Amino acid sequence: MGVASATPTEVEHRIEYTRALNSMASVLMNWYGNVLDSNLNRSGYPEKVTGLKISKTDLVKLELNEYSFNVQSKLTYLQDDSMQAKALDETFIFHIGPLGQANITSKVINKDTSVEMMSLATFNHDHYQRREFAYTWLAYLDGVVMDNNIKDKQWFENAMYTVKMGPKEIKGPILFTLAARKAYLFKGGHLLRSLEVEALEGRDNTFILELIIDWQGVNAAGKSVLAKIHQTITYQLEENNQWDVMSIEEEHLLPDIAPWQKLLC
Amino acid sequence: MAEIIMLKKLVILLFISLLSVQISHAEGEELPLFSGVGGNFSAVDADGKAVEFSDFLDQVVVLSFGYTNCADICPFTLGYLTRLYSKLTEDEQKKVQVIFVTIDPEYDTPGHLKQFIGHFNSEFVGLSGSKEQIDYIVSLFQAQYQKLSVLNTVPTKNIRQVTPKLFSDESNGEGKASLYSHSVTLYLIDKSGFTRSLEYTGTPVDEFIRKIRGLINE
């Protein structure tokens, strides 16, 4: 058994991977959100796309700061008053900038085939907007400065961020909480495991976004740390479709390491 | 009803045993700190004295939850821990503390807990306390427990007990108790009080000992 500190190389690899992944995923979610925005028109896609479901992705590192992101999807669209469906196989080439921000440098459609009609009603613009937010937020937590930087949002100064780690609790504005949280999660990467959303009962346009995130890295003392993070983000959708995040509540759960750990006997 | 519960538990035990064949940890692995799992707490030891978990700092701790009327996994777990403990050297045993926290403090008085734990190893520590204290410890370690029947208690004569409780204050020498289901996890905690690994009775003893030794030597 080794001593309880991850090697600097392992931590650096993890950080490089999660920063790039979250940043690219944020850009991709924005891309597909725009494909579904009836006011925008993306070349290579039908005009009136009504639903789009990503069925498979494949990320390959090409060279330093260059990645290929293959996406297979199915989409439904309206053409001549008739609903149609097709399957797409696309490859995006990304360049990762010095601050970790991902930019699409090229994109090709490898395959475009008609398929049987299906219902993709829930895979709409909102579906991708939520995921864009989640990945942008995680990229921000990993230190990426995106073009649509979280820190520049109007709500950033006002939203309360609470972190509960066993008996420890940190509460305050985002920057305050992040600074205190850094003692425990100093250097590492956030990986999104699941995302759920539900409307807040009795409140118009207020939603609760629940994220489950895996974090691996080191604490301020250089010790290897594993965290399963549950974030509950409450936000209001404003008239211009912009988000107003009101609060972020984070709790560190028992990491999923074995199938038996949830057994009761 | 009791037979169905017993059968269900036997199936779970069998499942646990089978899993142990599949899960093996690589040698030389690191044990990360589990963020948000564990922390300091207050409890009552088997002599009725108030203790803090921080009293055990500087020792490697193996902590488990259970109750003395548990007829299946708890005796199995404590038997496993007894075997594990016996494989440590005398010097290592001084640096390791096995802690059993009861989830039934109403029934498991300090004295009864001492008798129960002593059946396995008198060096092991049994912790009890108020229901609030126990619920806090359970929440700190994100464990779970629940009563199998909220309304009914079972005559203890119908429970296969490791050590019958002495009912000096009760008439007829008979008692009643609740049955529970509870988490089976064994928490491996380092000398600074950080949870470093989750194990169970299916963990190969040698593998568990390797992890304990790694923490002793940190």
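FYI, it's all coordinate maths here, none of it is from the lab. Computed from a prediction, not measured in an experiment: that's the story for all the values here. Virtual Cβ from ideal backbone geometry, glycine too; neighbours counted across all protein chains shown.
Give the peptides B:132-140, B:84-92 in descending order of average Cβ contacts within 10 Å, highest first.
Details: B:132-140: 17.6, B:84-92: 13.3.
Ranking, from highest mean packing down: B:132-140, B:84-92.
Using a basic spin-label model with each label point 7 Å from the Cα along Cα→Cβ, how many nm lie between A:ALA121 and B:THR153?
5.4
Would you list A:MET160, A:MET24, A:MET117 from fewest to most Cβ contacts within 10 Å?
Ascending Cβ contact count within 10 Å gives the list A:MET117, A:MET160, A:MET24.
Any chance you could give the angle, 0 to 90 degrees and rounded to 10, that helix A:125-141 forms with the longest Cα principal axis of chain A?
30
Within region A:190-216, which residues have the backbone N less than 19 Å from the label spot 7 Å out from A:MET246 along Cα→beta-carbon, could you tell me?
Under cut-off, by backbone N: A:196-211.
At a Cα cut-off below 20 Å, give the lysines reachable from A:LYS223, other chains included and same-chain residues fewer than 8 away excluded.
Of all the lysines, those that pass the test against A:LYS223 - Cα under 20 Å, at least 8 places apart if same chain - are A:LYS164, A:LYS168, A:LYS182, A:LYS187, B:LYS191, B:LYS211.
Hey, rough spin-label estimate for A:GLU239 and B:LYS94, points 7 angstrom out along Cα→Cβ, what's it come to in nanometres?
Once both label points are built, they end up 7.6 nm from each other.
Give me the net charge for the shell around B:ILE103: Cβ to Cβ below 14 angstrom, other residues only, Lys and Arg +1, Asp and Glu -1.
Values: positive: B:LYS131, B:LYS147; negative: B:ASP104, B:GLU106, B:ASP108, B:GLU132, B:ASP135.
With Lys, Arg at +1 and Asp, Glu at -1, the neighbours total -3.
In whole angstrom, note down how far apart the Cα centers of region A:204-265 and region B:100-160 are.
Between the Cα centre of region A:204-265 and that of region B:100-160, the gap is 32 Å.
Once the Cα atoms of helix A:8-35 and of chain A are each reduced to a long axis, what angle between those two axes, in degrees from 0 to 90 to the nearest 10, is obtained?
Between the helix axis and the principal axis of chain A, the angle is about 30 degrees.
What does the charge count around A:LEU62 come to, taking other residues whose C-beta lies under 15 Å from its C-beta (Lys +1, Arg +1, Asp -1, Glu -1)?
Net charge in that neighbourhood comes out at -2.
Please list 3J(HN,Hα) in residue order for region A:72-78, calculated via the Karplus relation 6.51 cos²θ - 1.76 cosθ + 1.60 where θ = phi - 60°; whole Hz, with x for glycine and proline.
Karplus-based 3J(HN,Hα) across region A:72-78 equals 9, 9, 10, 9, 10, 8, 9 Hz.
May I ask you to sort A:GLU239, A:GLU12 by Cβ crowding, counting other Cβ atoms within 10 Å and putting the fewest first?
A:GLU239, A:GLU12
Given R₀ = 35 Å, FRET efficiency for A:GLU66-B:GLU30 by Cβ-Cβ distance, to 0.05?
For A:GLU66 and B:GLU30, the calculated efficiency is 0.65.
For every other residue with a beta carbon closer than 11 angstrom to the beta carbon of A:GLU249, add +1 if it is Lys or Arg and -1 if Asp or Glu, then tell me the sum. Don't jump to the answer; show the numbers that get you there.
Details: positive: A:LYS164, A:LYS171; negative: A:GLU169, A:GLU210, A:GLU250, A:GLU251.
Summing Lys/Arg as +1 and Asp/Glu as -1 gives -2.
If each residue's Cβ is checked for other Cβ atoms within 10 Å, how do A:LEU253, A:LEU36 rank with the fewest at the top?
Lowest count first: A:LEU253, A:LEU36.
Just from its helices, what would the mean residue ellipticity at 222 nm be for chain A, if runs of 4 or more DSSP H residues each count -39500 (n - 2.57) and the sum is divided by every residue, rounded to the nearest 500 deg cm²/dmol?
-7000 deg cm²/dmol
7 Å from Cα along Cα→Cβ at both A:GLU10 and A:LEU59: what's the point-to-point distance in nm?
Each label point is offset 7 Å from its Cα along the Cβ direction, giving 2.0 nm.
Going 7 Å from the Cα of B:SER86 along its beta-carbon direction, which residues of region B:109-130 have the amide nitrogen within less than 16 Å of the resulting point?
Those under the cut-off are B:118-124.
Within 10 Å of each Cβ of A:250-260, how many other protein chain Cβ atoms are there on average?
That average works out to 6.
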